[in-house]
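What follows is a short report on a single structure.
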Amino acid sequence: MGTCSYVLTGTETGMQETFGTTCHGAGRALSRAKSRRNLDYQDVLNDLAAKGISIRVASPKLVMEEAPESYKNVTDVVDTCHSAGISKKCIKLRPIAVIKG
């Protein structure tokens, strides 16, 4: 919720080697429980605000569970898929708001 997102397109190689599938996210680096234990709610909110990202959330625990630090680096994951020919980077998006229900 505090990092960029990408729009990817399919490739011929991707269709042949992965049946048209590619990453749908970076994947977790920390479990939800570990994120809640190790991250501070207010620190995450402050970091997002410093990046100009507005957040509305139903439960404070979701802030820690979905914090950028809880996930692998999305650019590294997307670059790997792009380099492997599984998918092609099309557009990079920057977050401006997050709504977590």
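Just so it is clear, none of the values below were taken in a lab; they were calculated from the coordinates. It should be emphasised that the depicted structure is a prediction, and the values quoted were computed from it without experimental measurement. Using ideal geometry, Cβ is built from the backbone for each residue, glycine included, and neighbour counts are taken over all protein chains shown.
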When only alpha-carbon atoms are used, what values of Rg and Dmax, in angstrom, describe the chain? 15.4, 46
If amide H atoms are modeled at 1.01 Å from N in the peptide plane, then the residues at a separation of 5 or more from Ile55, or on another chain, having amide H under 5 Å from its own are Val98
Karplus couplings for segment 17-30 from phi (6.51 cos²θ - 1.76 cosθ + 1.60, θ = phi - 60°), rounded to Hz, Gly and Pro as x? 8, 10, 6, x, 9, 8, 5, 10, x, 7, x, 6, 9, 10
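Report the trypsin sites (Lys or Arg not before Pro) located in segment 1-72 that are in a DSSP loop and have at most 16 other Cβ atoms inside 10 Å of their Cβ, or state none. Display every interim value, and only then the final one.
Numbers: sites: Arg28, Arg32, Lys34, Arg36, Arg37, Lys51, Arg56, Lys61, Lys72; in loops: Lys51, Lys72.
Passing sites in segment 1-72 are Lys51, Lys72.
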Interchain or long-range residues, amide H under 5 Å from Ala29's placed H: Tyr71, Lys72
Measure nothing fancy, just the Cα-based angle from helix 74-84's long axis to the longest principal axis of the chain, in degrees from 0 to 90, nearest 10. 10
Backbone HN-Hα couplings from phi across segment 93-101 [Karplus 6.51/-1.76/1.60, Hz, Gly and Pro as x]: 10, 10, x, 10, 8, 10, 10, 10, x
Relative to the longest principal axis of the C-alpha atoms of the chain, give the angle of the C-alpha long axis of helix 41-50, reported between 0 and 90° and rounded to the nearest 10°. 60
Only four residue types carry charge here, +1 at the Cβ of Lys and Arg and -1 at the Cβ of Asp and Glu. Report the dipole size of the chain about the Cα centre in Debye, rounded to the nearest 20. 300
So for the chain, taking the charge dipole from beta-carbon charges (+1 Lys/Arg, -1 Asp/Glu), which of Ile99, Thr80, Gly25 sits furthest toward the positive end? Ile99
